[in-house]
Ligand code: FES
Ligand SMILES: [Fe+2]
């Protein structure tokens, strides 16, 4: 599966994290790496260990071009070339030792406020320009969390509509110390594979077949994300037992705030445990999801499951990955790898609230919206720990301060 996932670009950090630092240690697909931004503004992703005598490159320093090891000053560029070996060049310039040394390096690209990395074989595909990345008049924030379990059980949650009723609706009511009522039950589910994932659709009690949750649905986005219309959640493998959750969340500003151009996309890391007890935090929607994922164990034991009708999407997902493992073994591209620049220019996705997200609403109407309206007054609902300055930037953008 690691070999398969390496065929895709992965979001691994936010561009704005490099406003206040130039190097960040990252662990990705079981490899320890150093992500840096050099003084020319170029990003690089190289081995955490220097090929000289293995010093930690995340304590190096950036130069006009590349990252220099702090131990003996060897300098490397983002392609992995060794540009300088100060003492070797003094002592034995004719040896050209630096031409025989490389540091492991992977391509990175900044896009939509995220830094994307590609750890697979060349030629690399394109970083998809998902349609929401092109939307205007939005306040975007990027949110991270480290989840101590395998990425795949996190992704299975992206195609599991029924958990919404129990884990988010019914449980949230109980967490508030209320006994009810039970939220409307799921009556009907549908799962349809399309070019970039699986669409899931639902009908709950009181809903008609005209509801966008049935006519459009939501997206389990290939290979490792959930797309709800206004936000993406990627589950990026740190290693077999840890996952980096990366959210890119778009909030359409009210009509009165147009034209709105966001200068900087803020990024923050949310906690997952209660400091006092070490128990998982359950107050926010994604924190609740995290509890399901880690609760399944570091790698969920599928031999002990009992799958039912609610798991049809999970079964589709697994079968599709099994087929793609065969495709990759045969040297073919797996699902949803994009190589055509025409396709990648703007990749449309099913969006239930498209009109609202593109055209916007007056503030008074937005405030009445059942989900987006609450966010205006009650804070970021998906993950705990939004910093004050990000909340202020959101309120400024929305005009609610
Ligand atoms: S260990 Fe990096 S330059 Fe010596
Ligand atoms: Fe959820």
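Quick note: the coordinates plus some simple rules give every number you see, no bench work behind them. Since the structure is predicted, the reported quantities are computational estimates derived from the model, not experimental observations. Glycine also receives a Cβ, built like all others from the backbone with ideal geometry; neighbour counts cover every protein chain displayed.
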**Q.** Rel. contact order, % - alpha carbon contacts under 8 angstrom, at least six apart, region 171-307
**A.** 11
**Q.** Label point distance in nm, residue 371-residue 135, each placed 7 Å from Cα along Cα→Cβ
**A.** 1.1
Q. Once the Cα atoms of helix 388-398 and of the chain are each reduced to a long axis, what angle between those two axes, in degrees from 0 to 90 to the nearest 10, is obtained?
A. 60
Q: Please give the residues of region 266-297, grouped as numeric ranges, whose backbone N is less than 19 Å from a label point set 7 Å along the Cα-to-Cβ vector of residue 388.
A: 266-271
Q) Helix 312-329 versus the longest principal axis of the chain: what is the Cα-based angle in degrees, 0 to 90, to the nearest 10? A) 20
Q | Modelled FRET efficiency - R0 41 Å, residue 61 with residue 3, Cβ distances, 0.05 increments | A | 0.75
**Q.** Mean Cα-pair separation over length for region 1-158, i.e. relative contact order, pairs under 8 Å, 6 or more apart, %
**A.** 23
Q. Can you pull the semi-axes for region 12-123, root of five times each eigenvalue of the Cα gyration tensor, sorted largest first, whole Å?
A. 25, 15, 12
Q.
I want to verify a result. In a Gaussian network model of the chain, Cα cutoff 10 Å, which of these has the top mean-square fluctuation: 344, 158, 20?
A. 20
Q: Sort all Cα-Cα distances of the chain into consecutive 10 angstrom bins from zero, then give the percent of pairs in each bin up to the one containing the longest distance.
A: 4, 20, 30, 26, 13, 5, 2, 0, 0
**Q.** Rg/Rg_ref, region 298-401, where Rg_ref = 2.2 N^0.38 Å and atoms are Cα
**A.** 1.64
Q. Residue separation times 0.36 nm, minus the C-alpha to C-alpha distance between residue 277 and residue 176: what's the value?
A. 34.5 nm
Q: May I have the extent of the alpha carbons of region 50-113 along their three principal axes, as whole Å values ordered from largest to smallest?
A: 46, 20, 20
Q: Under 1.5 on a/c is rounded, so check that first for region 2-77, then, if it is not, pick prolate when a/b is larger than b/c and oblate when it is not; a ≥ b ≥ c are the square roots of the alpha carbon gyration tensor eigenvalues.
A: oblate
Q: Any chance you could list the semi-axes, whole Å, largest first, of the equivalent ellipsoid that the Cα gyration tensor gives for region 77-142, using √(5λ)?
A: 40, 14, 7
Q | Alpha-carbon gyration tensor eigenvalues x 5, square-rooted, for region 71-218, Å | A | 52, 19, 14
(Q) For the chain, what does the helix formula give at 222 nm: sum of -39500 (n - 2.57) over DSSP H segments with n ≥ 4, over the residue count, nearest 500 deg cm²/dmol? (A) -5500 deg cm²/dmol
**Q.** Chain lengthening between residue 343 and residue 239 when straightened (0.36 nm per residue, less Cα-Cα)
**A.** 34.4 nm
Q.
How high is the relative contact order of the chain? Use alpha-carbon pairs under 8 Å, at least six apart in sequence, and give a whole percent.
A. 19
**Q.** Calculated FRET value between residue 325 and residue 92, using beta carbons and R₀ = 51 Å, to 0.05
**A.** 0.60
Q. Per residue and in cubic angstrom, what volume does the convex hull of the Cα atoms of region 229-362 have?
A. 210
Q | Translational diffusion coefficient (Stokes-Einstein; Kirkwood radius from C-alpha pairs) of region 123-170 at 4 °C, 1.567 mPa s, in µm²/s | A | 88
Q) Roughly speaking, what is the stretch gain from residue 306 to residue 70, that is 0.36 nm per residue apart minus the C-alpha to C-alpha distance, in nm to one decimal? A) 79.6 nm
Q) So, in nm, how far is label residue 27 from label residue 213 when the simple model puts each one 7 Å beyond its Cα toward the Cβ? A) 3.8
Q.
If I take R0 = 30 Å and measure r between the Cβ atoms of residue 194 and residue 16 in this structure, what FRET efficiency does the formula 1/(1 + (r/R0)^6) give, to the nearest 0.05?
A. 0.40
(Q) How would region 190-280 be classified by its alpha-carbon gyration tensor: rounded, prolate or oblate, with rounded meaning a/c under 1.5 and the a/b versus b/c comparison settling the rest? (A) oblate
